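Visitor: If you scroll down you'll find the structure; I have some questions about it.
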Amino acid sequence: MAGFLARRLLNYLVLVVVASSLAYLLAASALDPRSNYADRTPKPPPAVVDAQLTALNLNDRTPLIQRYATWAAGVLHGDFGKSVTGTPVNDDLGRRAGVTARLVLLGLACGSLAGVLLGAYAAVRQYGWFDRLSAGLSFVVLAVPVVVLANTLILFGTWANENVFGRQVFLVSGEYSAGLDTGFWGSVLDRAQHLILPTVSLSLGLIAVFSRYQRNMMLDVLGADYVRTAMAKGLSRRQALIRHALRTALIPVATYFAFTFGTLLIGATFTEKIFGWHGLGEQLINSIFTNDVNTVAAISLLAAIAVLCASLAADLLHAALDPRVRAG
């Protein structure tokens, strides 16, 4: 077990280095920080522009491999360089990472748990009304882009506030209400109200994916010999399904978990932008528009680490569910 996890961790570290290096090289090749100075009035002299870009390690006239070496050396010391405005990338990165983590982890927990439970129940009730209804709703959700889904939720939240609750229950913009002075619990409630719709926006897609995947895996094991044997030994059908069938069906779903996490990060980028959450996704889009190479590379590195951490968590869950992994 320990050897299995050690090999996995070593592979993931190599993948993080490769992914972050490719992200930096691509950003440094495709983005043009020099164009940020072209529309300034008065236009700065070329020598001044070169000096400023060199100080920020963004000068396209410096060999790419030299810029990469400078960036990589800084990353090894925890320094992601400076943005196009001259401020350290690290200053804003930590706060934005916390915003994104709060949104993504809650959406992941809600979406995966609800999807697994709904998929398992749909398999047990195969071809029943619940199975057919959940299948139809899942395909509808999967067919709707994240941008459309998020804006639809905003319209729904606004309508519900006005016509159902008569007050602001669903808050549709930002992480919290600025200038609110209602004490600790009032602040917690305010943040929760801002969190509801973005979390639902991220969770719905996960519920649709996990429910379909879990249903198919569950159907493969419902008629297995070990399930019938467990019931023959005295377990009720519900106990046999939960202790044996569901546990076995969760193994491939745990493997799929890491790939879903990468998709969730992409969805969070649009969700943050639409709901006004100032997280890594919003900053990534802004950085691309401002040709901020170092910030794009830093966010790509954090995203790679997050995906590979999810892969490691999937490996741990796989080992917990499958005794053959622990024994091997």
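The values are calculated or read from the model by the stated rules, or taken from the named source; none is laboratory data. This one's a predicted model, so the numbers in the text were calculated from it and none came from an experiment. Glycine gets a Cβ as well: all are built from the backbone with ideal geometry, and neighbour counts include every protein chain shown. Surface accessibility is based on the protein's heavy atoms, side chains included, excluding ligands, DNA and RNA. Shrake-Rupley method; radii C 1.70, N 1.55, O 1.52, S 1.80 Å.
Visitor: Scan region 90-135 residue by residue and report those that are open to solvent by less than 80 Å² (accessible area, probe 1.4 Å), under 21 Å from the mean Cα position of the chain (by Cα) and aliphatic (A, V, I, L, M).
Guide: 93, 97, 99, 101, 103, 104, 106, 108, 109, 114, 116
Visitor: Does residue 154 satisfy being in contact with a helix residue (DSSP H, G or I) (Cβ under 6 Å, 6 or more places away or on another chain), β-branched (Val, Ile, Thr), open to solvent by 20 Å² or more (accessible area, probe 1.4 Å) and part of a helix (DSSP H, G or I)?
Guide: Details: in contact with a helix residue (DSSP H, G or I) (Cβ under 6 Å, 6 or more places away or on another chain): no; β-branched (Val, Ile, Thr): yes; open to solvent by 20 Å² or more (accessible area, probe 1.4 Å): yes; part of a helix (DSSP H, G or I): yes.
No; evaluated as a whole, the condition is false for this residue.
Visitor: While we're on this one: Can you confirm whether residue 208 is farther than 21 Å from residue 109 by Cα and either open to solvent by 50 Å² or more (accessible area, probe 1.4 Å) or not charged (D, E, K, R) (or both)?
Guide: Numbers: farther than 21 Å from residue 109 by Cα: no; either open to solvent by 50 Å² or more (accessible area, probe 1.4 Å) or not charged (D, E, K, R) (or both): yes.
In short, no.
Visitor: Which one of these is assigned to a helix (DSSP H, G or I) and either closer than 22 Å to residue 261 by Cα or of a type in the set (A, V, I, L, M, F, W, C) (or both): 206, 171?
Guide: Details: 171 fails: assigned to a helix (DSSP H, G or I).
So the residue among 206, 171 that is assigned to a helix (DSSP H, G or I) and either closer than 22 Å to residue 261 by Cα or of a type in the set (A, V, I, L, M, F, W, C) (or both) is 206.
Visitor: Looking at (1) at negative phi; (2) surrounded by 12 or more Cβ atoms within 10 Å (Cβ to Cβ), which is the only condition residue 57 fails?
Guide: All conditions are met except number (1).
Visitor: Give the residue, chosen from 39, 32, that is open to solvent by 70 Å² or more (accessible area, probe 1.4 Å), of a type in the set (Asp, Glu) and farther than 30 Å from residue 317 by Cα. Break it down into steps so the answer makes sense when it comes.
Guide: Values: 32 fails: open to solvent by 70 Å² or more (accessible area, probe 1.4 Å).
So the residue among 39, 32 that is open to solvent by 70 Å² or more (accessible area, probe 1.4 Å), of a type in the set (Asp, Glu) and farther than 30 Å from residue 317 by Cα is 39.
Visitor: Now, a different point. Against the conditions (1) over 30 Å from residue 199 (Cβ atoms); (2) in contact (Cβ under 8 Å) with a residue 60 or more places away in the chain, where does residue 93 fall short? Just the number, please.
Guide: (1)
Visitor: Okay, next question. Restricting to region 211-237, name every residue that is within 30 Å of residue 268 (Cβ to Cβ) and surrounded by fewer than 24 Cβ atoms within 10 Å (Cβ to Cβ).
Guide: From region 211-237, those within 30 Å of residue 268 (Cβ to Cβ) are 211-218; that's our starting set.
212, 213, 216, 217, listed by residue number.
Visitor: Have a look at 21, 112, 29 and point out the one that is at pLDDT 85 or above, in contact with a helix residue (DSSP H, G or I) (Cβ under 6 Å, 6 or more places away or on another chain) and in a helix (DSSP H, G or I). Lay out the reasoning, then the answer.
Guide: On the way: 21 fails: in contact with a helix residue (DSSP H, G or I) (Cβ under 6 Å, 6 or more places away or on another chain); 29 fails: in contact with a helix residue (DSSP H, G or I) (Cβ under 6 Å, 6 or more places away or on another chain).
Step by step, each of 21, 112, 29 is checked, and only 112 is at pLDDT 85 or above, in contact with a helix residue (DSSP H, G or I) (Cβ under 6 Å, 6 or more places away or on another chain) and in a helix (DSSP H, G or I).
Visitor: While we're here: How many residues are part of a strand (DSSP E or B) and either open to solvent by less than 40 Å² (accessible area, probe 1.4 Å) or farther than 13 Å from residue 33 by Cα (or both) when one looks only at region 65-89? Before the answer, list the steps.
Guide: Going residue by residue through region 65-89, those that are part of a strand (DSSP E or B) are 82, 88.
Imposing the further condition that a residue be either open to solvent by less than 40 Å² (accessible area, probe 1.4 Å) or farther than 13 Å from residue 33 by Cα (or both) reduces the set to 88.
Matching residues across region 65-89 total 1.
Visitor: For region 237-304, give me every one of the helices (runs of 4 or more DSSP H) that falls completely inside it and has 3 or more residues that are in contact (Cβ under 8 Å) with a residue 12 or more places away in the chain and of a type in the set (D, E, K, R). Working first, answer last.
Guide: On the way: elements: 237-240, 246-275, 280-289.
By residue number, 246-275.
Visitor: Looking at 41, 54, 62, which one is of a type in the set (Ser, Thr, Tyr), closer than 20 Å to residue 79 by Cβ and not in a helix (DSSP H, G or I)?
Guide: Values: 41 fails: closer than 20 Å to residue 79 by Cβ; 54 fails: not in a helix (DSSP H, G or I).
Step by step, each of 41, 54, 62 is checked, and only 62 is of a type in the set (Ser, Thr, Tyr), closer than 20 Å to residue 79 by Cβ and not in a helix (DSSP H, G or I).
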